[in-house]
Amino acid sequence: MSPALSRRGRMVLAPAWVFLALLGRVADARGSEPAVQRVGCVGMTVANLDRSIAFYVGLFGAQRDAVTESWGEPLDRLTGVFAGRVRETRLHLGEECLELTEWVAQRGRAVPSDSRSNDEWFQHVALVVADMDRAYEQVHAAGVEHVSPAPQTIPDWNRAAGGIRAFYFRDPDRHVLELIWYPPGKGDPRWQRPGRSLFLGIDHTAIAVRDTEQSLRFWRDALGFRVAGESLNHGAEQERLSGVFGAWVRITALRAGRGPGIELLEYLAPRDGRPFPADARPNDLVHWQATLVARDVAAALARVRAGGGSAVSPDPVTPTPDRSATMAALVRDPDGHAVELDQP
């Protein structure tokens with residue numbers, strides 16, 4: 001093991017895509033109520049909403065809500081994009097949801113063509129499948145762009161995750177998606193319920209980070225997520241999964257009260273991942289955002305700033321009437337990943 005890795009000897013050898021079934025400690029050591037109650041939809045900016053709806057509904061069987069449009073001062077203040085207009089919808093997969101947003105005014109930039117899994121703008125959602133071979137055959141037949149050459153199986157010597165299978169690929173806008181299959185005894189027990197469809201739901205969204213300890217001050221200490229597991233992954237399976245040669249990845253699994261998990265991916269090697277673009281905006285296609293439901297957005301916003309995050313919205317905004325939140329604010333974590341704080 002290299003010196004950089006040996007300094008982190010407390011970690012358990014396990015793959016990047018597994019959430020260990022361990023109870024985590026409550027984030028705020030002072031015992032105060034967490035700022036975030038649950039994780040809601042995971043959102044992404046798309047170039048063509050109709051194309052993306054066809055992709056996600058046709059390929060995964062997602063259930064869609066009606067398409068809505070919004071513009072005006074609340075949108076400008078929430079996103080920091082002046083004179084924008086958006087079309088958006090929610091897609092439901094199992095108990096979780098994706099939120100797709102197309103900017104029809106003030107369109108942004110495409111995902112860089114040379115993006116890699118260790119670039120700090122990397123983010124994906126993990127779609128749980130009931131049968132990896134059938135799911136892979138379906139997405140491969142649809143002509144998706146591969147990141148992984150084929151599904152990867154964790155070897156049996158890894159007692160924590162032996163038998164788990166995973167595969168990375170891209171949607172039409174080059175957002176990375178993961179298929180993941182859990183054998184009996186691994187992952188959330190609900191993924192083993194009988195009478196299941198092929199695509200079951202979203203287990204987590206993963207983000208690349210520069211420094212795990214810095215990220216924990218934001219996600220755990222400021223927002224109140226609990227650490228649900230830690231792992232270190234390396235070897236041929238991780239290299240093929242991520243498309244990054246020589247990958248050594250520190251993984252920290254975080255959970256709120258309900259909803260998908262947040263997975264921190266720190267590439268200990270190689271360390272050549274590029275930082276999140278400083279001028280990135282919500283209308284750029286690299287934009288993802290996790291919606292976090294908070295009882296008090298103003299208080300959560302103050303904790304974000306104290307935890308090393310930054311605000312995109314200058315203050316909490318009253319969204320347009322079609323939104324379920326009464327107050328909202330868009331913020332970024334220390335690496336630049338976007339988070340929308342919603343107050344019911």
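Once you charge only the Cβ atoms, +1 for Lys and Arg and -1 for Asp and Glu, what is the size of the charge dipole of the stretch 246-290 about its Cα centre, to the nearest 20 debye? Intermediate results must be reported in sequence, preceding the final value.
On the way: 6 positive and 5 negative charges, 38 e Å.
Taking the Cα centre of the stretch 246-290 as origin, the dipole is about 180 debye.
Of all DSSP beta bridges in the chain, what percent run antiparallel (nearest 5)? Display every interim value, and only then the final one.
Numbers: 61 of 83 bridges.
Antiparallel: roughly 75 percent of the beta bridges in the chain.
Placing unit charges on C-beta atoms (Lys and Arg positive, Asp and Glu negative, everything else neutral), compute the dipole magnitude of the chain about its Cα centre in debye, rounded to 20. That gives a dipole near 760 debye.
Using Cα springs under 10 Å in a Gaussian network model of the chain, which residue among Ala166, Ala299, Ala256 shows the largest mean-square fluctuation? Maximum fluctuation in the GNM of the chain, among the listed residues, is at Ala299. One Cα centroid belongs to the stretch 240-294, the other to the stretch 118-176; the line between them spans 16 Å.
Most tightly packed first, judged by the mean number of other beta-carbon atoms within 10 Å of their residues, the peptides 328-334, 94-100, 46-52, 145-151 read 328-334, 94-100, 46-52, 145-151. The simple spin-label model puts a point 7 Å past each Cα toward its Cβ; for Ala105 and Arg271 those points are separated by 4.7 nm.
Every helix of 4 or more DSSP H residues in the chain counts as -39500 (n - 2.57), and over all residues that averages to -4000 deg cm²/dmol at 222 nm. Considering only Val227, Ala142, Gly201, the residue lying farthest towards the positive end of the dipole of the chain is Val227, judged by Cα position with unit charges set on Cβ.
We did not get these values from a lab; they are worked out from the coordinates using the rules stated. Predicted model only: the values in this text are computed from it and were never measured. All Cβ positions, glycine included, derive from the backbone under ideal geometry; neighbour counts span all protein chains shown.
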